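To start, the structure under review is shown below, and the notes come after it.
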Protein chains: 2
Amino acid sequence: MPAEPLSRARIVATAIDLIEREGADAVSMRAIAAELGVGVMSLYNHVPNKEALLDAVAETVLSQIEFTDDPDAEWTDRVRMQALAFRQIAHHYPRCTMVVVSRQLRSTAGLLPVERALATLRGAGFGGDEAVRALRVFIAYIVGSLLREVGVTPTFAPMHRSDVRVSEVDPLLFPQVGELAPALHECDHEAEFAFGLELLIQAMALQLKR
Amino acid sequence: MPAEPLSRARIVATAIDLIEREGADAVSMRAIAAELGVGVMSLYNHVPNKEALLDAVAETVLSQIEFTDDPDAEWTDRVRMQALAFRQIAHHYPRCTMVVVSRQLRSTAGLLPVERALATLRGAGFGGDEAVRALRVFIAYIVGSLLREVGVTPTFAPMHRSDVRVSEVDPLLFPQVGELAPALHECDHEAEFAFGLELLIQAMALQLKR
DNA sequence: TCCAGAGACGTACACCGTACGTACACAACG
DNA sequence: CGTTGTGTACGTACGGTGTACGTCTCTGGA
């Protein structure tokens, strides 16, 4: 009956699917096993423990970043592309993103984007230490942005927040928040991300000229 | 015997203490109750559930940000001060930081820093929407940076990583990572944070002039 | 033919969050 | 004084979790 004989890859794929469908909290070894129509402990023949499984989830998601790197393009364009590629997979696996960023990875899958970014930056003229520093700034911004984008969606529909907040907030204690409530609630994630990214790239370019 | 009669504040304080001592994973209602020398279910007289308790933890940590805002100072200095104040409490409660950023807050405690920042930015001349956008960029960078700083320390001592990685990484596949390994492993968190922050502030100032 | 190894599985344990019922201490009121 | 809430502490119990361990079955080589 089991045409597909159960493997680490199938388990990880099922875990990712489950996370995206039901959220990271709903992931349990039992749920994954049930999804696969398999005994719970059978999973442990392919995965040492749940922690390692989540590491594998993060690694798998990360490895799906699609770089379309043009070596002839301006370095600013290449950096932008890499950042957007990162954001794109986060958008493709929104619930998994939390898992990815909550977990520092020591796999080669996480290293490949780093390698690409460092190569781009050094090719642009940054020194070794400068490139590392610049990369850290970019990663911090990207991770922080993605956390906001996906953290806003723990389950669904934050639309009521607008009404709730506006009515709750005391305009005397929080005049700015009160006045800017509309701007605070609505958020074009893509535009916001691009804005900050452009800001950083410009600042980096300026840093490079000096 | 119970001179102190158990209260929401005592429970939250104990939870924070426990998180800092044993890590966020070690926090359970049973552990907190044991720490307080109290039955598990007694906690539920003061806290509706664990989720709410963690929200309270985040709120409490956040409310301890110390703003020493000088209204006469340059706006760049004020923004810098606010960002550093944020980072400082994260440094003071490193294990709790993960709890704080993993949880979007709808309390007034989380709103106060927002109010301050918006007021500073608008005082500097930013329009409403611009101030909101700028704030989002700053928060993204700060949160991302803090995640890296504290995420690197899930338990202790990442010093062995250096040796492990350098030897593991294939220099042919990852020439940049291999060459820059020393720079990648050692990280003066404070200096790195300040570098990116300065970059952002400069970029914002430039944006303002236009 | 036999045997060793691998993989699937069931059982069991310790721990988790928390719903529910109970016991007691104290204030308000007759 | 007695009675009667009312709020808090507590114990028990249930369903869920990760996983250690022992067992069964199947398969491939000697």
(message) Looking at (1) within 16 Å of DNA strand C (Cβ to nearest atom); (2) closer than 21 Å to residue B:119 by Cα, which one does residue B:48 not meet, given that it meets all the others?
(response) (2)
(message) Pairs please, first residue from the range B:36-49 and more than 7 Å from DNA strand D (Cβ to nearest atom), second anywhere and small (Gly, Ala, Ser), Cβ atoms under 8 Å, 6+ apart in sequence or on different chains.
(response) B:43/B:33; B:47/B:56
(message) Against the conditions (1) within 16 Å of DNA strand D (Cβ to nearest atom); (2) more than 14 Å from chain B (Cβ to nearest Cβ); (3) among the charged types (D, E, K, R), where does residue A:80 fall short? Just the number, please.
(response) (1)
(message) Considering only residues that are open to solvent by 90 Å² or more (accessible area, probe 1.4 Å) and either among the aliphatic types (A, V, I, L, M) or assigned to a helix (DSSP H, G or I) (or both), which ones fall in the range A:1-19?
(response) A:1, A:3, A:8
(message) I'd like to check something: does the range B:59-67 contain any residue that is within 14 Å of DNA strand D (Cβ to nearest atom), outside the structural domain of residue B:133 (by TED's automatic domain parsing) and in a helix (DSSP H, G or I)?
(response) no
(request) Just need a number here: residues in the range B:186-200 that are crowded, with 20+ Cβ neighbours inside 10 Å and either more than 10 Å from chain A (Cβ to nearest Cβ) or under 18 Å from the mean Cα position of the chain (by Cα) (or both). (result) 3
(request) Inspect the range A:20-32 for any residue being surrounded by 16 or more Cβ atoms within 10 Å (Cβ to Cβ), assigned to a loop (DSSP other than H, G, I, E, B) and within 14 Å of chain B (Cβ to nearest Cβ) and give the result as yes or no. (result) no
(message) On the basis of being at the interface with chain B (Cβ under 9 Å from one of its Cβ atoms), part of a helix (DSSP H, G or I), out of contact with any Lys or Arg (no Cβ under 6 Å at 6 or more places or on another chain) and open to solvent by 10 Å² or more (accessible area, probe 1.4 Å), does residue A:114 make the cut?
(response) yes
(message) residue B:87 - would you say it is away from chain A (no Cβ under 11 Å), buried (at least 16 other Cβ atoms within 10 Å of the Cβ), more than 18 Å from residue B:130 (Cα to Cα) and among the charged types (D, E, K, R)?
(response) yes
(request) Tell me which residues, restricted to the range B:10-32, are more than 9 Å from DNA strand C (Cβ to nearest atom) and touching a Leu at 6+ places or on another chain (Cβ under 8 Å). (result) B:10, B:11, B:12, B:14, B:15
(request) Those residues that are at pLDDT 90 or above and either outside any helix (DSSP H, G or I) or surrounded by fewer than 18 Cβ atoms within 10 Å (Cβ to Cβ) (or both), I need them from the range A:90-111; list them, please. (result) A:91, A:92, A:93, A:94
(message) Quick check on my filter: what residues within the range B:87-116 are charged (D, E, K, R) and free of Cβ contacts under 8 Å to residues at least 12 places away in the same chain?
(response) B:106, B:115
(request) Report the residue count in the range A:33-45 for those that are assigned to a loop (DSSP other than H, G, I, E, B), closer than 13 Å to residue A:10 by Cα and within 7 Å of DNA strand C (Cβ to nearest atom). (result) 1
(request) Working only within the range B:68-89, note down all residues that are aliphatic (A, V, I, L, M) and assigned to a helix (DSSP H, G or I). (result) B:79, B:81, B:83, B:84, B:85, B:89
(request) Identify, from the list A:175, A:182, the residue that is modelled with pLDDT of 70 or more, within 8 Å of another protein chain (Cβ to nearest Cβ) and under 17 Å from residue B:115 (Cβ atoms). (result) A:175
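The values are calculated or read from the model by the stated rules, or taken from the named source; none is laboratory data. Given the structure is predicted, the values throughout are model-derived calculations rather than measurements. Cβ sites come from the backbone with ideal geometry, for glycine too, and all protein chains shown count toward neighbours. Each accessible area value is taken on the protein alone, full model and side chains, heavy atoms only, with ligands, DNA and RNA left out. Shrake-Rupley method; radii C 1.70, N 1.55, O 1.52, S 1.80 Å.
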